[in-house]
Amino acid sequence: MPQNSAAPAGARDLRGIVITVASSKGGVGKTQICQSLSGRLAEIGYKVAVVDIDPSLAFSSWHALYSEQGRKPITLASSVPERDIFKTTDSLAERHDVVLLDTAGFGASNVIFAIGSADYVVIPTQTSAKDLVEAEDMVGKVRSSARMANREIDYRILLNRVKPGTRVLAHSLSELERQEHPRLRTMLSDLTAFCESSFSGMVPRGDLASGQIDRLIDELIEIGWIPDRPAEELAEAS
Ligand SMILES: Nc1ncnc2c1ncn2[C@@H]1O[C@H](COP(=O)(O)OP(=O)(O)O)[C@@H](O)[C@H]1O
Ligand SMILES: [Mg+2]
């Protein structure tokens, strides 16, 4: 979605950003990444919304548990019909710092709408050869959507469930380098804390898991995808 180019130089556009988490393959960690990112961003003061367009409503189930715990609220839009995806994300971006879209895997046509509604796309992948092929397929979809929308849509591959120090990881990294697709430096390890948080409604606990999510957020700030401060904080400071 185009950022407001009419904003005066030096002023931050207070409109939020939209990140779609997409992969044609199921089970690579899209929902887990939406849970961890939304939970942690809310915890550190960002206004966050998640649009759940996966008919299985996995994120929405996690969100119900999350919301029972009296934590910082995360706005949820679920069961959004295809035709309303753009309108919904656009309007949520007016009122939130970050809007995440959790998508379904293979065959879901609404993914194209979710990509078309995004400023940025995160493509999670695991390390198997098949997963990497699927990630490349998703890159093709993002590029096609960008052409159709006649604008750039920046994307990054995010390696999930990695086993550090293994040959399979080294192989995946060299394969991704060969494909020349941009990837996030931060990788998420295969950790019980991520798995547990999916059904407990929690944000991943434990130094390793929460440290990786913090590093992921820092990197997203560094590459300019996420504002370095919530809009509310910025307004209070000025
Ligand atoms: N980094 C991780 N470490 C351990 N388990 C993970 C990790 N990422 C995802 N999982 C688990 O893998 C399963 C599939 O992840 P999920 O986020 O539902 O995938 P998707 O949304 O892409 O279908 C879930 O049980 C989730 O808890
Ligand atoms: Mg999912």
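Details
- J(HN,Hα) series, segment 117-130, from Karplus relation 6.51 cos²θ - 1.76 cosθ + 1.60, nearest Hz, glycine and proline x: 8, 8, 7, 9, 10, 9, 10, x, 8, 9, 9, 6, 4, 5
- Selection among G165, Y46, S210 by position relative to the dipole of the chain gives G165 as farthest towards the positive end (Cβ unit charges, Cα centre).
- Separation of segment 49-123 from segment 125-182 is 21 Å, based on Cα centroids.
- Least to most buried among W62, W225 (fewest other Cβ within 10 Å first): W225, W62
- Charged-residue dipole, Cβ positions (Lys, Arg, Asp, Glu), the chain about Cα centre, Debye nearest 20: 340
- Taking one quarter of the surface of the convex hull spanned by the alpha-carbon atoms of segment 17-229 gives a direction-averaged projected area of 10.8 nm².
- Mean sequence separation of contacting Cα pairs (under 8 Å, at least six apart), scaled by the length of the chain, corresponds to a relative contact order of 24 percent.
- CD proxy at 222 nm, helix term only [per DSSP H run n ≥ 4: -39500 (n - 2.57); per residue of the chain; nearest 500]: -14500 deg cm²/dmol
- Scalar couplings 3J(HN,Hα) for segment 36-51, obtained by applying the Karplus form with A = 6.51, B = -1.76, C = 1.60 to θ = phi - 60°, are 5, 5, 5, x, 6, 4, 5, 4, 8, x, 7, 8, 10, 10, 10, 9 Hz; x denotes Gly and Pro.
- Cα centre as origin, Lys/Arg/Asp/Glu Cβ charges: segment 139-238 dipole, Debye: 680
Every read-out reported here was derived from the displayed coordinates using simple, explicitly stated rules and does not represent laboratory data. In this text the structure is predicted, and so the values were computed from the model without any measurement. Using ideal geometry, Cβ is built from the backbone for each residue, glycine included, and neighbour counts are taken over all protein chains shown.
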